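A.B. asks: Dumping the structure here so I can ask a few things about it.
The values are calculated or read from the model by the stated rules, or taken from the named source; none is laboratory data. The structure presented is a predicted model; accordingly, all values stated were derived computationally and were not measured. Cβ placement follows ideal geometry from the backbone for every residue including glycine, while neighbour counts extend to all protein chains displayed. With ligands, DNA and RNA removed, areas are computed over all heavy atoms of the protein, side chains included. Shrake-Rupley method; radii C 1.70, N 1.55, O 1.52, S 1.80 Å.
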Amino acid sequence: MSLITRLETDKNLTDSELRALLETDAHDDELREAADRVRRSVYGEDVYIRGLIEFTNCCKNDCYYCGIRRSNKNAERYRLSREEILECCAEGYDLGFRTFVLQGGEDPHYSDELICRIVSDIRKNYPDCAITLSIGEKSREGYKAYFDAGADRYLLRHETADAEHYSRLHPASMSLDNRKRCLFDLKEIGYQVGSGFMVGSPYQTTDNLISDLKFLKQLGPHMIGIGPYITHADTPFKEFKSGSLELCLRLISILRLMFPEALIPATTALGTIHPLGREMGLKAGANVVMPNLSPVSVRKKYELYENKICTGEEAAECRGCLERRVEAAGYRVVTDRGDNIAFRK
Ligand code: 5AD
Ligand code: FES
């Protein structure tokens with residue numbers, strides 16, 4: 001039986017088998033074809049869209065890879081008010097979005113109370129929409145309060161499942177243990193949970209990637225976001241090269257085979273390292289795209305990495321652009337909440 005058939009049926013390869021898939025391009029065509037077949041058997045041609053609202057680029061953390069880290073004095077900081085966030089949702093709703101993703105740095109200005117107020121306003125105005133939060137590590141009580149206010153989903157990448165690697169990407173004030181605690185709390189509370197990691201981050205080894213896959217198996221996420229690490233000149237990692245498109249696509253296919261029901265985005269980072277990166281991501285097994293809904297005036301400032309796409313005036317309409325791209329790749333954008341199969345009513 002081929003490695004890929006084994007991955008598709010057992011979903012549990014040995015470390016050396018995973019290594020064989022990850023370290024060469026020998027299996028790429030077969031992997032991609034199997035991933036697309038599995039994706040079509042579970043979700044058909046559907047591609048789900050999420051309206052991404054990047055509501056603050058202020059952050060109390062100092063992750064070494066990230067352009068909005070606290071120590072980056074060149075970042076021009078902004079915060080959207082509750083009213084501005086609600087305006088983004090109104091615009092998004094008219095464009096057909098039925099999921100809003102509120103993403104931001106870890107910004108203490110947005111207290112748990114304020115987040116709850118924003119969430120409950122969106123919940124009241126748009127009872128048919130899913131609300132996704134992506135605002136980092138919080139207390140279990142905080143997560144529970146947002147959930148009770150109406151949030152349905154939470155995105156928090158684990159970034160790397162190896163504690164030693166984690167400590168090379170983050171300052172000592174952060175820990176893999178706390179990140180994991182957050183993810184398991186979120187799951188227990190009842191969120192649809194998304195996790196994931198960067199591909200090609202500094203010091204990353206194949207063993208680290210194998211640990212990432214195993215950790216995800218243990219977590220059982222509903223959504224998995226991965227994208228290439230991309231260099232940012234205003235970070236301590238400015239000398240490191242960006243991650244590779246090929247390895248990222250290979251991992252998307254492996255994830256699709258290991259997690260047939262997962263919602264997997266073709267990320268903006270993928271579209272940034274290659275003009276057709278997102279289309280290639282979809283063909284490799286991804287089934288979600290996240291067009292930018294942030295006001296054009298702040299888009300350039302939410303610069304996690306360099307040359308991020310969809311930040312110029314010409315990109316005021318990501319929704320239409322992505323729809324055309326999805327269709328050109330052979331899939332179809334659908335306007336509904338796009339829940340994980342396990343959460344459909
Ligand atoms: N390159 C690619 N992805 C990055 N992220 C943060 N900084 C970078 C970078 N330089 C990713 C992290 C984070 C997500 C919101 O963006 O994985 O979880
Ligand atoms: Fe944003 Fe094309 S998806 S401009």
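A.B. asks: Could you say which residue among 197, 147, 215, 184 is surrounded by fewer than 17 Cβ atoms within 10 Å (Cβ to Cβ) and either small (Gly, Ala, Ser) or at negative phi (or both)?
C.D. replies: Numbers: 197 fails: surrounded by fewer than 17 Cβ atoms within 10 Å (Cβ to Cβ); 147 fails: surrounded by fewer than 17 Cβ atoms within 10 Å (Cβ to Cβ); 215 fails: surrounded by fewer than 17 Cβ atoms within 10 Å (Cβ to Cβ).
Just one listed residue meets the conditions, 184.
A.B. asks: Could you check region 316-343 and list, in sequence order, the residues that are open to solvent by 20 Å² or more (accessible area, probe 1.4 Å), more than 16 Å from ligand 2 (Cβ to nearest atom) and of a type in the set (Gly, Ala, Ser)?
C.D. replies: 330, 342
A.B. asks: Taking region 213-263 on its own, how many of its residues are acidic (Asp, Glu) and in a helix (DSSP H, G or I)?
C.D. replies: The initial filter retains those residues of region 213-263 that are acidic (Asp, Glu), namely 234, 239, 246, 261.
Next cut, in a helix (DSSP H, G or I) only: 246.
Total satisfying the criteria: 1.
A.B. asks: Would you check which residues across region 238-293 are touching a Cys at 6+ places or on another chain (Cβ under 7 Å) and either open to solvent by 40 Å² or more (accessible area, probe 1.4 Å) or at pLDDT 95 or above (or both) and list them? Working first, answer last.
C.D. replies: Going residue by residue through region 238-293, those that are touching a Cys at 6+ places or on another chain (Cβ under 7 Å) are 268, 270, 291-293.
Those that are touching a Cys at 6+ places or on another chain (Cβ under 7 Å) and either open to solvent by 40 Å² or more (accessible area, probe 1.4 Å) or at pLDDT 95 or above (or both): 268, 270.
A.B. asks: Looking at the structure I just gave you, is residue 311 assigned to a helix (DSSP H, G or I) and within 16 Å of ligand 2 (Cβ to nearest atom)? Show your work before the answer.
C.D. replies: Working: assigned to a helix (DSSP H, G or I): no; within 16 Å of ligand 2 (Cβ to nearest atom): yes.
Answer is no for this residue.
A.B. asks: Which of the residues that make up region 75-133 are of a type in the set (Ser, Thr, Tyr) and either assigned to a helix (DSSP H, G or I) or crowded, with 18+ Cβ neighbours inside 10 Å (or both)? Give the steps one after another, and end with the answer.
C.D. replies: Looking only at region 75-133, we keep the residues that are of a type in the set (Ser, Thr, Tyr), and these are 78, 81, 93, 99, 110-111, 120, 126, 132.
If the condition is that a residue be of a type in the set (Ser, Thr, Tyr) and either assigned to a helix (DSSP H, G or I) or crowded, with 18+ Cβ neighbours inside 10 Å (or both), then 93, 99, 110, 120, 126, 132 are the ones that fit.
A.B. asks: Taking region 217-275 as the region of interest, how many residues are within 16 Å of ligand 2 (Cβ to nearest atom) and in contact with a Lys or Arg (Cβ under 6 Å, 6 or more places away or on another chain)?
C.D. replies: Filtering region 217-275 for residues within 16 Å of ligand 2 (Cβ to nearest atom) gives 227, 265-275.
Checking which are in contact with a Lys or Arg (Cβ under 6 Å, 6 or more places away or on another chain) leaves us with 266, 270-272.
Residues in region 217-275 being within 16 Å of ligand 2 (Cβ to nearest atom) and in contact with a Lys or Arg (Cβ under 6 Å, 6 or more places away or on another chain): 4 in total.
A.B. asks: Hey, another quick one. Among residues belonging to region 150-181 that are of a type in the set (D, E, K, R) and open to solvent by less than 40 Å² (accessible area, probe 1.4 Å), point out the one that is farthest from ligand 1 (Cβ to nearest atom).
C.D. replies: Restricting attention to region 150-181, the residues satisfying the condition of being of a type in the set (D, E, K, R) are 152-153, 157, 159, 162, 164, 168, 177, 179-181.
Filter once more, so that each one left must be open to solvent by less than 40 Å² (accessible area, probe 1.4 Å): 152-153, 159, 179.
Working: 152: 19, 153: 15, 159: 6, 179: 10 Å.
Per the stated criteria, the residue is 152.
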